[in-house]
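Report on the following structure.
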Amino acid sequence: MKAVITGGGTGGHIYPALAVAEELKKRGWEILYLGSDHRMEAEIVPKAGFDFKKLSVRPLPRKISTKIFSSLFFNTKAFFKALKLIRDFETDFVIGTGGFVAGPVVLAGSLLRKNTIIHEQNAYPGITNKLLAQVVDKVCLNFSEAADYLNVNEDKIEITGNPVRAQIMNVEKAQAYRELHLDPDLKTILITGGSLGAEVINQNVIKLYKYAVQNNIQILHLSGKDNYNQLLTRLKSSNLDLENPLLKVIDYLDEMEYALAVADLIIARAGATGLAEITSCAKPSILIPFAAAAENHQLFNARTLQNNRAAVVIEEADLNEKLLLKKVRMIIENEKKLKSMSAAAESMSQKDSLSNIIRVIEKLGL
């Protein structure tokens, strides 16, 4: 069997696609990944060992502007290239996990009458998947709430959860501490803005850093490549000693499984894939949804965890150093709270999500 897989723009679309690709490859499938020529997938997917073909795609502007003509030109060209690649590969399935690159690829697969599946990670679906849901054979959802925003028949929808890479759940904790040069006897706070970083979080951590140093708590901060130097400058100007072993700032970490394994508390955005990893690892979290996310979908995601008492939500408009430190102390200083939030997170994890999606694929192919 052969599958064309597509999805990109952020790790939230790429990593679920790779999880599916890796499992299908184990089962003897041939995989071709189609992605944008200028987004993260162009670097990440080839590193993962998959055949990758580039498409020149552009997002449609959310407001009427002259950019729409450029977007239509690039996306039409990408559509016809996808048609040729899918036909030449003689694919059996086209599987999309979101991002604007998935639009022309999955549409091409549908018009070629291939088996087509999309996966929506968020509680509020993105516009690409809303449109594609009308033409594909199956729609896999992470959150059941997303079905309320899709105008499709119930028999097309499958609630599968969000697939998490196997290494996220199978890492040895002692090895993670060794690789990150952290002390396993100390509590660790992980700060991450997702695959692209989050400047608004980085701007509000000074009080938290000083609190951590004073209370012998480790901080592992994944700043994002674009924000790394700016964060270091801010920390130095606040008289924080970056040689202190309690403070570890990294621009980007390929082995995210290590960071998740050592964390006692996570401060993060609320992208669906990140939340799937957090719940799979049973970690308490403070979530700061990206306010500019399409349709504010991260806030929908975050509230789902908060409603289940697995997380505390701080909206960007309310975020400040004092509030962030208050929420951290409320959790990190309370062992009972840490344990109850961890248990709540674990109860939300869907560790069989990958097998659920594979089951949908195999059933459709019968």
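Inspect the range 294-312 for any residue being of a type in the set (A, V, I, L, M, F, W, C), within 19 Å of Glu199 (Cα to Cα), in a helix (DSSP H, G or I) and in contact (Cβ under 8 Å) with a residue 60 or more places away in the chain and give the result as yes or no.
Looking for residues that are of a type in the set (A, V, I, L, M, F, W, C), within 19 Å of Glu199 (Cα to Cα), in a helix (DSSP H, G or I) and in contact (Cβ under 8 Å) with a residue 60 or more places away in the chain, one finds at least one in the range 294-312, hence yes.
So how many residues does the range 263-288 have that are closer than 18 Å to Ser340 by Cα and touching a strand residue (DSSP E or B) at 6+ places or on another chain (Cβ under 7 Å)?
11
A quick yes/no check of all residues on (1) surrounded by 21 or more Cβ atoms within 10 Å (Cβ to Cβ); (2) among the hydroxyl-bearing types (Ser, Thr, Tyr); (3) touching a His at 6+ places or on another chain (Cβ under 9 Å); (4) closer than 30 Å to Ile95 by Cα:
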site	(1), (2), (3), (4)
Ala282	no, no, no, yes
Gln298	yes, no, no, yes
Lys327	no, no, no, no
Lys336	no, no, no, no
Ile358	no, no, no, yes
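Name every residue in the range 341-366 that is more than 15 Å from Ser280 (Cα to Cα) and either of a type in the set (Lys, Arg) or part of a helix (DSSP H, G or I) (or both), in order of residue number. Steps first, answer last, please.
Within the range 341-366, the subset more than 15 Å from Ser280 (Cα to Cα) is 356-366.
Selection gives Asn356, Ile357, Ile358, Arg359, Val360, Ile361, Glu362, Lys363, Leu364, Gly365.
Can you tell me which residue among Asn162, Asn129, Asn122 is touching a strand residue (DSSP E or B) at 6+ places or on another chain (Cβ under 6 Å) and at pLDDT below 95? It would help to see each step written out before you state the result.
Values: Asn162 fails: touching a strand residue (DSSP E or B) at 6+ places or on another chain (Cβ under 6 Å); Asn122 fails: touching a strand residue (DSSP E or B) at 6+ places or on another chain (Cβ under 6 Å).
On inspection, the qualifying residue turns out to be Asn129.
Return the total of residues in the range 226-269 being in a helix (DSSP H, G or I) and not hydrophobic (A, V, I, L, M, F, W, C).
Pass one, the range 226-269, residues in a helix (DSSP H, G or I): 226-237, 256-262.
Within this subset, residues satisfying the condition of being not hydrophobic (A, V, I, L, M, F, W, C) are 226-230, 233-234, 236-237, 257-258.
Residues in the range 226-269 being in a helix (DSSP H, G or I) and not hydrophobic (A, V, I, L, M, F, W, C): 11 in total.
Among the listed residues Glu321, Glu257, identify the single one that is surrounded by fewer than 19 Cβ atoms within 10 Å (Cβ to Cβ), of a type outside the set (Val, Ile, Thr) and either under 20 Å from the mean Cα position of the chain (by Cα) or within 21 Å of Lys187 (Cα to Cα) (or both).
Values: Glu257 fails: surrounded by fewer than 19 Cβ atoms within 10 Å (Cβ to Cβ).
It is Glu321.
Starting from the range 234-249, keep only residues that are within 18 Å of Ile201 (Cβ to Cβ), then list their pairs with residues that are β-branched (Val, Ile, Thr) whose Cβ atoms are within a distance under 6 Å, requiring at least 6 positions of separation or different chains.
Ser238/Ile206; Leu247/Ile219
Listed here are the residues, each with its yes/no results for (1) surrounded by 20 or more Cβ atoms within 10 Å (Cβ to Cβ); (2) closer than 23 Å to Glu346 by Cα; (3) free of Cβ contacts under 8 Å to residues at least 60 places away in the same chain.
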{"site": "Glu158", "(1), (2), (3)": "no, yes, no"}
{"site": "Val164", "(1), (2), (3)": "yes, yes, no"}
{"site": "Met169", "(1), (2), (3)": "no, yes, no"}
{"site": "Arg178", "(1), (2), (3)": "no, no, yes"}
{"site": "Thr192", "(1), (2), (3)": "yes, yes, no"}
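For the range 52-59, indicate whether the set of residues that are under 30 Å from Lys351 (Cβ atoms), at pLDDT 90 or above and not aliphatic (A, V, I, L, M) is non-empty. Outline the logic, then answer.
Our first condition is that a residue be under 30 Å from Lys351 (Cβ atoms); within the range 52-59, this holds for 52.
Next, only the ones that are at pLDDT 90 or above stay: 52.
Still in the list and also not aliphatic (A, V, I, L, M): 52.
Within the range 52-59, one or more residues are under 30 Å from Lys351 (Cβ atoms), at pLDDT 90 or above and not aliphatic (A, V, I, L, M).
Taking the range 173-183 only, how many residues are outside any helix (DSSP H, G or I) and closer than 14 Å to Ala259 by Cβ? Spell out the reasoning first.
To start, the set of residues in the range 173-183 that are outside any helix (DSSP H, G or I) comprises 181-183.
After this cut, where a residue has to be closer than 14 Å to Ala259 by Cβ as well, the list is 181-182.
Summing the residues that are outside any helix (DSSP H, G or I) and closer than 14 Å to Ala259 by Cβ in the range 173-183 gives 2.
Need the failing condition index for Ile361 against (1) closer than 23 Å to Ala198 by Cα; (2) in contact with a Phe, Trp or Tyr (Cβ under 7 Å, 6 or more places away or on another chain), just the number.
Status for Ile361: all satisfied but (1).
Quick check on Val101: is it in the same structural domain as Lys53 (by TED's automatic domain parsing), touching a Lys or Arg at 6+ places or on another chain (Cβ under 7 Å) and crowded, with 24+ Cβ neighbours inside 10 Å?
Details: in the same structural domain as Lys53 (by TED's automatic domain parsing): yes; touching a Lys or Arg at 6+ places or on another chain (Cβ under 7 Å): no; crowded, with 24+ Cβ neighbours inside 10 Å: yes.
In short, no.
Output the number of the condition that Asn153 fails; it satisfies all remaining conditions of (1) more than 20 Å from the chain's Cα centre (by Cα); (2) buried (at least 20 other Cβ atoms within 10 Å of the Cβ).
(2)
Of the numbered conditions (1) modelled with pLDDT of 95 or more; (2) charged (D, E, K, R); (3) in the same structural domain as Leu208 (by TED's automatic domain parsing), Glu172 fails exactly one; give the number of that condition.
(1)
The values are calculated or read from the model by the stated rules, or taken from the named source; none is laboratory data. Small disclaimer: the values here were computed from a predicted structure and weren't measured. Positions of Cβ are generated from backbone atoms using ideal geometry, with glycine treated the same way; all protein chains shown enter the neighbour counts.
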